[in-house]
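The values are calculated or read from the model by the stated rules, or taken from the named source; none is laboratory data. What you are looking at is a predicted structure, and each value in this text was computed from that prediction instead of being measured. A quick note on method: Cβ atoms are made from the backbone with ideal geometry, for glycine too, and the neighbour counts reach across all protein chains shown. Just so you know, the surface numbers come from the protein's heavy atoms only, side chains and all, with ligands and any DNA or RNA stripped out. Shrake-Rupley method; radii C 1.70, N 1.55, O 1.52, S 1.80 Å.
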Amino acid sequence: GCRTGQAGRWCVAMNLSHNARSRLIIAASLLVALVLSILPWPVWTEQFRTDWVALVLIYWCIALPTRVGVGTAWSAGLMLDVLYGSMLGENALAKSLIAFLAVRFHLQLRMFPRWQKAVVVLLLVASNNLLVLWIKHLAGQAPSTWGYLTPSIVSMLLWPWLFVILRDIRRHGNVS
């Protein structure tokens with residue numbers, strides 16, 4: 001039980017079942033990624049905008065493939081479509097693809113050193129961006145620059161730090 005004087009929300013969070021607490025932590029990390037994805041940045045940084053949702057999905061798909069998979073990715077991508085005001089389903093399809101690949105190869109990816117995982121993240125995020133680009137091209141909205149792949153490189157560079165942060169959250173929150 002909760003001791004007298006503890007903050008009410010913390011007390012409620014501590015009394016949640018292990019399963020509910022794990023779901024809450026995963027959902028909170030995806031919500032933070034969604035918020036980071038829609039935060040306004042200076043115009044000159046737009047070409048470097050990291051796909052936070054993709055990075056968080058890749059982490060959870062590798063760490064907990066039985067909990068986070070294609071369905072979670074589809075839902076997160078659909079939320080991105082709504083938040084960006086993009087064609088409904090383009091981000092959902094792209095996020096589902098990378099979730100499928102991450103879940104499919106999670107055992108192999110777990111064995112890779114961190115720098116090799118970063119290269120795989122580069123490839124996964126690049127495939128996500130290329131799929132969205134292809135869908136936009138089919139709809140007649142494709143950008144005319146190769147800078148569209150720059151976020152993949154930024155994602156690769158941020159991966160080692162994000163991996164450590166999410167791993168620590170998973171361990172301290174006892175998410176399984």
Residues of the stretch 37-53 satisfying the condition of being out of contact with any Gly (no Cβ under 9 Å at 6 or more places or on another chain) and modelled with pLDDT of 95 or more: Trp52
Residue in the stretch 135-157 that is open to solvent by less than 60 Å² (accessible area, probe 1.4 Å) and aromatic (Phe, Trp, Tyr) present: yes
Residue in the stretch 164-176 that is outside any helix (DSSP H, G or I) and surrounded by 16 or more Cβ atoms within 10 Å (Cβ to Cβ) present: yes
Some residue of the stretch 100-116 being surrounded by 14 or more Cβ atoms within 10 Å (Cβ to Cβ), within 16 Å of the chain's Cα centre (by Cα) and closer than 20 Å to Thr150 by Cα: no
Single residue of the stretch 53-105 satisfying the filter (of a type in the set (S, T, N, Q) and in a helix (DSSP H, G or I)) that is farthest from Ile135 (Cα to Cα): Thr72
From the options Val120, Val35, residue that is surrounded by fewer than 18 Cβ atoms within 10 Å (Cβ to Cβ), in contact with a Phe, Trp or Tyr (Cβ under 9 Å, 6 or more places away or on another chain) and in a helix (DSSP H, G or I): Val35
